[in-house]
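Comments concern the structure below.
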Amino acid sequence: MAMLEVRNLEVFYGVIQAIKGISFDVNQGEIIALIGANGAGKTTILHTITGLIPSKAGTISYEGKDITKTPGYKLVSMGIAHVPEGRRVFAQLTVLQNLKLGAFTRNDKAELESTLEMVYERFPRLKERRNQVAGTLSGGEQQMLAMGRALMSHPRLIVMDEPSMGLSPIYVNEIFDIIQKINKDGVTVLLVEQNAKKALAIADQAYVLETGKIVLRGDAKELMNNDQVKKAYLSE
Amino acid sequence: MSFMSYLISGISLGSVYAIIALGYTMVYGIAKMLNFAHGDIIMVGGYVVFIVTSTMGMSPVVGILAAVVVCTILGVTVERVAYRPLRDASPLAVLITAIGVSYLLQNLALLLFGADTKSFTSVITMEPLKLAGGQLLISGETIVTILSGIIVMIGLTLFINKTKTGQAMLAVSEDRGAATLMGINVNKTISVTFAIGSALAAVAAVLYCSAYPALTSQTGAMPGIKAFVAAVFGGIGSIPGAMIGGILLGVIENLSKAYISSQLSDAIVFSVLIIVLLVRPTGIMGRKISEKV
């Protein structure tokens with residue numbers, strides 16, 4: 001049994017069908033990449049998994065439990081964290097307030113302090129800027145804050161939406177390094193990326209999406225050498 | 001010396017506006033809606049105190065507690081029944097619903113309590129304070145009102161900054177979706193906001209009716225509108241803005257009554273709003289709308 005199992009998922013925006021019957025698995029301990037062009041439905045899938053939009057048909061199960069209809073806020077305490085597209089940090093709150101909100105579902109104060117130390121260790125810049133208002137951070141720093149905030153909830157599965165979007169190449173490399181480190185610590189990662197090259201380089205399994213359907217699936221390293229993928233997504 | 005006395009009673013009136021404006025501004029900031037029925041919650045609170053103290057003859061403390069309980073339940077129920085189903089509807093639909101709720105409450109009160117004016121007996125029994133050798137007389141109502149205003153402001157600021165629920169409110173006010181991703185129950189947070197706003201309306205009801213003891217089904221309308229002006233004046237969505245806006249409004253109203261014309265005082269108050277909005281569209285403490293993307 002996979003950690004996350006998505007079966008025949010269908011999602012509509014009004015009458016427009018955005019997701020047309022998708023099935024995929026996320027195995028525990030792996031990095032799974034969903035790649036595809038703009039509008040392929042990558043973000044919609046993530047939003048449906050974490051309960052921000054309802055599905056029309058299909059099931060999502062996590063650690064053996066059906067979470068298709070579970071309200072989004074309950075998933076956090078079940079161990080799923082979501083780093084949304086565009087970071088969506090609380091721009092008017094400080095870095096520290098943002099991180100503490102990430103631990104909203106946790107009540108143990110001592111544990112919160114130790115988790116905070118762990119996040120500061122992983123992102124030293126967040127520690128330096130802990131009293132700064134999040135809206136004044138650079139894009140890369142905001143991305144780190146969004147990731148640190150997600151880690152504050154002690155997730156077993158972390159869902160990341162376009163973490164490299166709009167970042168300078170130096171930050172892109174740093175962010176992908178961090179994703180690998182988070183995964184090595186035992187957190188399963190479901191990664192949505194337009195930067196297919198980077199995503200496939202760190203992923204175990206990958207799925208290629210086109211207009212709401214999975215058109216290719218397989219081992220990430222093999223997909224990297226697939227001619228179709230090379231042509232469409234790796235611009236070679 | 002008379003200036004001081006007008007100023008102090010202006011601050012007192014302003015404290016009432018501020019307490020009501022806090023309810024408006026919190027609901028606006030967190031639920032992103034203008035709850036035009038907020039003023040009528042004050043009227044309901046006034047009737048509850050009147051019934052408990054005058055009709056049933058119980059102590060004012062029981063009356064105040066009953067008003068807080070009834071208003072809180074009423075506010076949360078109105079949100080649950082009338083506003084929550086419209087969470088994703090257009091802001092205009094929610095606004096019209098709020099106006100509908102306002103008329104509903106006013107007419108229910110008319111039906112239940114009749115059209116005659118009830119004379120509210122002040123529940124504040126404090127002796128007036130004599131200052132400057134008896135030249136400056138400050139009534140017990142004024143003192144209690146100003147003190148209540150200060151306590152509410154400090155209490156609310158601490159609540160928002162020091163409690164998890166308060167932080168959840170800030171998160172929901174900024175980004176509902178992101179707040180959900182933190183594990184925050186947005187509906188519950190909005191309910192708590194309505195509960196606090198309505199409890200504050202009950203406190204305002206006691207203070208307002210003690211100062212202006214004529215109680216009718218329309219009692220809440222004027223202070224409701226003025227508090228709305230105060231909230232916009234201070235920058236809607238901002239808690240310190242509601243406090244500053246409320247007090248300034250009370251002072252402006254009282255001073256124009258004293259020195260210009262008591263008939264024109266409302267016109268002056270609303271003109272000030274128009275001028276403020278022309279010069280600073282986001283109000284005194286309003287957030288600059290600039291976000292880094």
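Between B:Ala195, B:Ala201, B:Ala214, which is touching a Cys at 6+ places or on another chain (Cβ under 7 Å) and within 26 Å of B:Val70 (Cβ to Cβ)? Going through B:Ala195, B:Ala201, B:Ala214 in turn, the sole match is B:Ala201. Taken over region A:145-181, the criterion of being away from chain B (no Cβ under 14 Å) and touching a Leu at 6+ places or on another chain (Cβ under 8 Å) is satisfied by A:Pro163, A:Ile175, A:Ile179.
Give region A:108-140 a look and list any residue that's surrounded by 15 or more Cβ atoms within 10 Å (Cβ to Cβ), in a helix (DSSP H, G or I) and not hydrophobic (A, V, I, L, M, F, W, C), or say none. Across region A:108-140, the qualifying residues are A:Thr115, A:Tyr120, A:Arg122, A:Arg125, A:Lys127, A:Gly135, A:Gly139, A:Gly140.
Applying a threshold of 6 Å to beta carbon distances and a minimum spacing of six or more residues, or different chains, the list of pairs starting in region B:95-124 at a residue that is touching a residue at least 40 places away in the same chain (Cβ under 8 Å) and ending at one that is of a type in the set (D, E, K, R) reads B:Ser102/B:Asp40; B:Leu105/B:Asp40; B:Gln106/B:Asp40; B:Ile124/B:Glu141. Residue check: B:Gly57 meets all listed conditions (1) at negative phi; (2) surrounded by fewer than 24 Cβ atoms within 10 Å (Cβ to Cβ) but one, namely (1).
Cβ separations smaller than 7 Å between residues 6+ apart or across chains give the following pairs from region B:150-179 residues that are under 15 Å from B:Ala31 (Cα atoms) to residues that are of a type in the set (Ser, Thr, Tyr): B:Ala168/B:Thr189; B:Met169/B:Thr189; B:Met169/B:Thr193; B:Val172/B:Thr189. Can you find, within region B:118-136, the residue that is farthest from B:Met56 (Cα to Cα) among those that are surrounded by 13 or more Cβ atoms within 10 Å (Cβ to Cβ) and of a type in the set (S, T, N, Q)? Of everything passing the filter in region B:118-136, B:Ser122 is farthest from B:Met56 (Cα to Cα). Of the listed requirements (1) at pLDDT below 85; (2) within 19 Å of B:Ala202 (Cα to Cα), B:Ala132 misses just one: (2). If the condition is being assigned to a helix (DSSP H, G or I) and surrounded by fewer than 17 Cβ atoms within 10 Å (Cβ to Cβ), then region B:137-159 contributes B:Gly140, B:Leu147, B:Ile150, B:Ile151, B:Ile154, B:Gly155, B:Thr157, B:Leu158, B:Phe159. Can you pull out the residues in region A:99-112 that are more than 10 Å from chain B (Cβ to nearest Cβ) and at pLDDT below 95? Listed by number, the residues that qualify are A:Asp108, A:Lys109, A:Ala110, A:Glu111, A:Leu112. Within region A:70-98, being within 18 Å of A:Leu157 (Cα to Cα) and more than 7 Å from chain B (Cβ to nearest Cβ) holds for A:Thr70, A:Pro71, A:Lys74, A:Leu75, A:Met78, A:Gly79, A:Ile80, A:Ala81, A:Val83, A:Glu85, A:Arg87.
Mind telling me which of the residues A:Thr59, A:Thr43 ends up being surrounded by fewer than 21 Cβ atoms within 10 Å (Cβ to Cβ) and either over 15 Å from the mean Cα position of the chain (by Cα) or within 10 Å of another protein chain (Cβ to nearest Cβ) (or both)?
On the way: A:Thr43 fails: either over 15 Å from the mean Cα position of the chain (by Cα) or within 10 Å of another protein chain (Cβ to nearest Cβ) (or both).
After applying the criteria, what remains is A:Thr59.
Of all the listed residues (B:Gly183, B:Gly134), the sole one being more than 14 Å from chain A (Cβ to nearest Cβ), free of Cβ contacts under 8 Å to residues at least 12 places away in the same chain, not in a helix (DSSP H, G or I) and not charged (D, E, K, R) is B:Gly134. For A:Leu34, indicate whether it is within 14 Å of chain B (Cβ to nearest Cβ) and touching a helix residue (DSSP H, G or I) at 6+ places or on another chain (Cβ under 8 Å). No: the conditions fail for A:Leu34.
Taking region A:51-63 as the range and being under 17 Å from A:Ile158 (Cα atoms) and modelled with pLDDT under 95 as the test, the residues that pass are A:Gly51, A:Leu52.
The values are calculated or read from the model by the stated rules, or taken from the named source; none is laboratory data. Note that the coordinates shown come from a computational prediction; the quantities given were computed from them, not determined experimentally. Note that each Cβ is placed from the backbone with ideal geometry, even for glycine, and that neighbours are counted across all protein chains shown.
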